[in-house]
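This report refers to the structure that appears directly beneath it.
A short reminder: the numbers here are calculations on the coordinates, not readings from a lab. The structure displayed is predicted, hence computed values, not measured ones. Note: ideal-geometry Cβ built from the backbone for every residue, glycine included; neighbour counts use all protein chains shown.
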Amino acid sequence: MIPSEDVPTEPITIVPEPRPYPEPNTAKRTRKALLWSLVVGSIVLSSSGAALADTSRVVGAMPVGNQSKWTQYFADDFTTDVSLGGFPSSAYRSSWFPYVAGSRDTSGYGTYNAAKTLSVDNSILRAKLFSERGTNYVNAMIAMKTWGHTYGKYEIRLRVPKPIPGYKVVPLLWPDSNDWHEGEVDFPEVHNLTHNDTIRAAIFPGGDPVNPDSWDYRHSTVSIIGEQWHTYGIEWLPNSLTFTIDGVPQGTAVTGVPDTPMHLVLQYETAIDRGPPPAASAGVIEVDWVTAYKPIW
């Protein structure tokens, strides 16, 4: 966690995003801002667009064990190296399930393929997003041990060192039933991995996912691009969803909270409503660790 003296205290109000587009191919995630509050009090962009620096992985070491209100049941520090083409291997097969190789992503422009994109080195999970012979390779995978839980706390230590135009990042909670009508929670979501696009949070409370009035969708002024590491968290309880960066609450939703079992997905794909990514665009999304907890009632 970033030391408290490095964290600005002046909040930045996050404003509703204008009614956006339906996503091509599936018309998924049409959103409109509803009634909830989200403010950023931990990270302020500089004039260059870079977020608060934190180059030390030691500062953000993976927490191990229970916390005051949470029982830890999953923690992955990616301590076993795996070469490109070998993931998940025996070391990760019980914990991570990549989407089927060859299946298309949400926009239809990307192709999921863990063998082409994933490797582990020096305790870092790396996802390489790139184009090859007209195919845009992306990845998404399920944290298998988070299956079967209603409510919980989820944290991901993540960075995107350089812009990857035409690609996006969207870790999310997805219904175990695979029924989208039960809801969805996205954070941190960045629609296009450039300095100009910023972190968003989105909640679909259930019902009709293509109804523009169904989505609770807000955005910040915080860039995800940079050499710094940050820890992004979702705290999901019966009457609230709280989003955190480096352990500091950024905002809480108190309406439309999903109430059926969900699991965590690390999802990286092509950007929405922008056409295919530039052929020369390529880059890496890095994950230091992932943890999950269940509430102590």
* Asked: Of the listed peptides 116-124, 88-96, what is their order by residue-averaged count of other C-beta atoms within 10 Å, with the highest listed first?
  -> 116-124, 88-96
* For Gln228, distant residues with modelled amide H under 5 Å away -> Asp54
* Within segment 78-119, backbone nitrogen closer than 20 Å to the virtual label 7 Å beyond the Cα of Thr260 toward Cβ -> none
* To do: With a/c under 1.5 counting as rounded, go ahead and sort segment 184-249 into rounded, prolate or oblate using the C-alpha gyration tensor (a ≥ b ≥ c being the square roots of the eigenvalues; past the cut-off, prolate if a/b is larger than b/c, else oblate).
  => oblate
* If you build the Cα gyration tensor of segment 150-297 and take the root of 5 times each eigenvalue, what three semi-axes come out, in whole angstrom, biggest first? -> 25, 18, 13
* How many nm is it between the label spots at Gln67 and Trp147, if each spot is 7 Å from the Cα in line with the beta carbon? -> 2.6
* Structure fact -> With 0.36 nm assigned to each residue of separation and the Cα-Cα distance removed, His181 to Asn122 gains 17.3 nm
* **Cα→Cβ-extended label distance, 7 Å offset, between Ala280 and Thr221, nm** => 3.2
* To do: Using per-residue counts of other Cβ atoms within 10 Å, averaged over each peptide, order 267-276, 172-181 from highest down.
  => 267-276, 172-181
* Structure fact -> A correct Kirkwood calculation over the Cα atoms of segment 138-213 returns a hydrodynamic radius in Å of 14.1
* Structure fact -> Under the 7 Å Cα-to-Cβ spin-label approximation, Trp297 and Ala115 lie apart by a distance in nanometres of 4.4
* **Extended-chain gain in nm, criterion 0.36 nm per residue less alpha-carbon gap, Glu132 and Lys162** => 8.9 nm
* Structure fact -> For Ala140, other-chain or 5+-apart residues with amide H closer than 5 Å (H placed, Pro excluded) are Tyr99, Asn113, Tyr268
* Filter the cross-link list Lys116/Lys153; Lys116/Lys294; Lys145/Lys168; Lys69/Lys128; Lys162/Lys294 down to pairs whose alpha-carbon distance in this structure exceeds 27 Å. => Lys116/Lys153; Lys116/Lys294; Lys69/Lys128; Lys162/Lys294
